[in-house]
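The values are calculated or read from the model by the stated rules, or taken from the named source; none is laboratory data. Bear in mind the structure is a predicted one, so any value in this text is a computation, not a measurement. Cβ placement follows ideal geometry from the backbone for every residue including glycine, while neighbour counts extend to all protein chains displayed. Protein only, heavy atoms only, side chains kept; ligands, DNA and RNA dropped before computing areas. Shrake-Rupley method; radii C 1.70, N 1.55, O 1.52, S 1.80 Å.
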Amino acid sequence: MAVKVSDILLIPQLRDAVVLAGENGLNQTVCRIASIEKPFVDHPAYCYRVAKPHDIYISKLYVFADHMEKFSKEIEFQHETRGSGLITHKEMIPYIDETAIAAANRYAIPIIAVNDSIGLTELIFAVVDLILQDKAIASDVFRFQQLLQNDLSDSEIRHFVMSLDQKMGEHLQALYMALDSNLPSLLFQLPSADFLLPLYDGYLYVISDDDNSKIEERRESFLKKIADAYHDYHIGISEIAPSPFQIKTSILQAMDAFVYASHLDLRVTEYDNLNHFTLLSELRPSPSLRKYRDRLDKTIREFDRSNKLNLQQTLELLVVTSGDYRLMAEKLFIHETTVRYRLNKLKNHLKYTDYNNFYCDMRSYVHSRWILDDPLLNKIK
């Protein structure tokens, strides 16, 4: 979860900050803090030698007070060295000329002004702390990936939990989610026993506490913040596990619920509500589930090649719409009669005499495809 300039704007010292220019660069990564002791044009060789990509600069800009024409060159230098922006005090706003503002906007280099009462040393420590937190999160990400990608014994999972930096509560619940934009960790003030980290192409939130009611309270608070901050998202929620040593099971449950929610375009889905999908997911990656999927897959695809009925999409929508032919017809841009014709042709070909049995088996077939073909579930064991 690389620190972005937008993340820095969330720390308490920058809550009242003003972005003077370069707003399009707020998504840039920040790896280091640097200071400006002299204008770049006065000692370019030294500046080029010490500058690193993704440096963010902190300065009172006093060195430019009587020579603001040099400040525009400073913005050019940041562009050349892939700098991530500049933080100064609001008292310097009147001295920053339009040429520098235009250059910062052109190169998407944020210029941020903070309250004059904020000490730059205090600000440096706050930003460094944020960067160090990010490095700790990166370590946790690696460990959680190892947990999910390896077939660990109970004792190995126990050792994993005991080795975590945070002391977990007696119970836990996992949430896995995908959002329409990045998730700034500072948006959430989490207890030390909880984890919120990027994992694969989404985010994992693990809540742990000795009291189930506190887990539920933190979960609902988190979900409300997500709903308030994002327009498009899918979240899968595990059961509340009675032991921290069931952490892998909880994460897998959350991922199963997330996959289910994604295919059905549901905002939030709990593992408890997956019904028979949970049974099929428990069979992953057994040969029996793959054999079941492959047998029907081959038969349906061969029949479709001969009849050109677009059966894969039709069956997908049969499950997504819970058998609503009118809605299926709208999504396929065909008449409802055509939908019925396609499904009846397949039902007869597969020798079903009862429609309910046909629907149940086609639903299991589609669900098995979701489980076996999903890129997220294929990364874990």
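Can you give me the angle between helix 120-149 and the longest principal axis of the chain, using Cα atoms only, in degrees from 0 to 90, rounded to the nearest 10? The answer is roughly 20 degrees.
Restricting the calculation to Cα atoms, region 102-207 shows an Rg/Rh of 1.08 when the hydrodynamic-style radius is the Kirkwood one. The residues of region 223-312 expose, per residue, 51 Å² of accessible area to a 1.4 Å probe. When all alpha carbon pairs of region 177-317 are counted in 5 Å bins from zero, the resulting P(r) reads 2, 8, 15, 19, 17, 13, 9, 7, 5, 3, 2, 0 %. Principal axis extents of the C-alpha atoms in region 246-381 (largest first, rounded to whole Å): 48, 31, 25. Take the residue pairs LYS4/LYS224; LYS291/LYS381; LYS291/LYS331; LYS52/LYS379 and return only those whose Cα atoms are more than 28 Å apart. Over 28 Å apart, Cα to Cα: LYS291/LYS331; LYS52/LYS379.
To the nearest ten degrees, helix 98-107 and the longest principal axis of the Cα atoms of the chain are 30 degrees apart.
Treat every Asp and Glu Cβ in the chain as -1 and every Lys and Arg Cβ as +1, leave all other atoms uncharged, and give the resulting dipole magnitude about the Cα centre to the nearest 20 debye.
For this selection, approximately 1780 debye.
In this structure, ALA138 and TYR48 have a Cβ-Cβ separation that, at R0 = 35 Å, corresponds to a calculated FRET efficiency of about 0.75. Would you mind checking the tilt of helix 154-163 against the longest principal axis of the Cα atoms of the chain, expressed as 0 to 90 degrees and rounded to 10? Its long axis makes an angle of about 20 degrees. Could you pull out which residues in region 121-164 have an amide N less than 19 Å from a spot 7 Å beyond the Cα of GLU37, following the Cα-Cβ vector? The answer is 121-122, 124-125. Largest GNM mean-square fluctuation among VAL19, VAL127, VAL141, using the chain with Cα springs under 10 Å: VAL19.
Each label point was placed 7 Å from the Cα along the Cα-to-Cβ direction; for GLU122 and THR299 their separation is 7.2 nm. Pairs of C-alpha atoms in the chain farther apart than 37 Å represent 42 percent of all such pairs.
With semi-axes defined as the square roots of five times the eigenvalues of the C-alpha gyration tensor, the equivalent ellipsoid of region 18-128 measures 17, 17, 15 Å, largest first. FRET efficiency for GLU80 and GLU330, Cβ-Cβ distance as r, R0 = 51 Å, nearest 0.05? With a Förster radius of 51 Å, E is 0.40.
Helical content alone sets the calculated 222 nm signal of the chain at -16000 deg cm²/dmol, taking -39,500 (n - 2.57) per DSSP H segment of four or more residues and averaging over every residue. With contacts taken as Cα pairs under 8 Å and at least 6 residues apart, the chain reaches a relative contact order of 13 percent. Measure off, as a whole percent, the carbon and sulfur share of the 1.4 Å-probe accessible area of the chain, all protein chains present. Taking all protein chains in place, the chain shows 50 percent carbon and sulfur surface.
Counting only lysines at least 8 places from LYS70 when in the same chain, those with an alpha carbon closer than 18 Å to its own are LYS38, LYS60.
Would you mind checking region 341-381 for residues with the amide N under 15 Å from a putative spin-label position 7 Å along Cα→C-beta of THR278? From region 341-381, the list is empty. Annotation: per residue accessible area for region 11-155 equals 51 Å², rounded to a whole number [probe 1.4 Å, protein chains only]. Charge dipole (Cα centre; +1 on Lys/Arg Cβ, -1 on Asp/Glu Cβ; no other charges) of region 179-272 amounts to roughly 200 debye. Mind running the shape call on region 209-291? Use the C-alpha gyration tensor, a ≥ b ≥ c as the square roots of the eigenvalues: rounded below 1.5 for a/c, prolate if a/b tops b/c, oblate otherwise. Oblate.
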